[in-house]
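Bear in mind these aren't lab numbers, they're just calculated from the coordinates by the rules spelled out. Since this is a predicted model, take the numbers as computed values, not measurements. Reconstructed Cβ throughout: ideal geometry from the backbone, glycine too, with neighbour counts over all protein chains shown.
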């Protein structure tokens, strides 16, 4: 999250989905700690799990000394956390990578009654014709302006894609049905318009064109009381 405006937009969005009663949060696949940096100023105690030691080191360095924060190596598909221990489970850019959606039952288990799961994700496989056009134009502008893109190992990406459950793309409605089967109710769905608006503000055109092309969404649901 490049700007304070974007972090504030995410905080506003997350508050709507977490509810006022949330105190203890389990953050899954925290990465470099970007969402962690949104949750902590909200007064939440955060326990984070990530599979990658490099991410763990970066996130710990970024949030060194932060009160109410515990970060560990751990698996989002089998957390090993105690049952009914958390008011919320939060993830961003995780669900599309899951190998086994039975993970949702584990997330249900670790929540207290009345707790919520908040998923920020998107369909990183399928795009509409207009979004494909925006992406091509963005790439053309980047090349014309001499911008460099991070190197991507497409062979490795394809190998990972073959293993994940949502290899055909992640959409909210099929995801909702799977969460219902895991025992969740009280669904809320929205597009992250506030964070997207903050990302576009002051960004060059090539970056503005890329914002929102991956059918991003935030879906939350609750464990019944």
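The slack between residue 32 and residue 200, meaning 0.36 nm per residue of separation minus the straight C-alpha distance, is 58.3 nm.
Running a GNM on the chain with Cα contacts under 10 Å, which residue among 190, 21, 81 ends up with the highest mean-square fluctuation? Of the options given, 21 has the highest mean-square fluctuation.
In this label model, residue 64 and residue 137 are separated by 4.5 nm, measuring between points 7 Å along each Cα→Cβ vector. Counting only DSSP beta bridges with both residues in the chain, the antiparallel share comes to about 35 percent. Note on the chain: GNM, Cα springs under 10 Å; of 56, 175, 133, the largest mean-square fluctuation is that of 133. Report summary: the helix-based calculation at 222 nm, which adds -39500 (n - 2.57) for every DSSP H run with n ≥ 4 and divides by the residues of the chain, gives -11000 deg cm²/dmol. With r defined as the distance between the Cβ atoms of residue 15 and residue 176 and R0 fixed at 30 Å, what FRET efficiency is calculated, to the nearest 0.05? Once rounded, the FRET efficiency stands at 0.90.
Any idea what % of Cα-Cα pairs in segment 173-225 are farther than 16 Å? Across segment 173-225, Cα pairs with separations above 16 Å total 52 percent.
Across all C-alpha atoms in the chain, the radius of gyration and Dmax reach 17.7, 56 Å.
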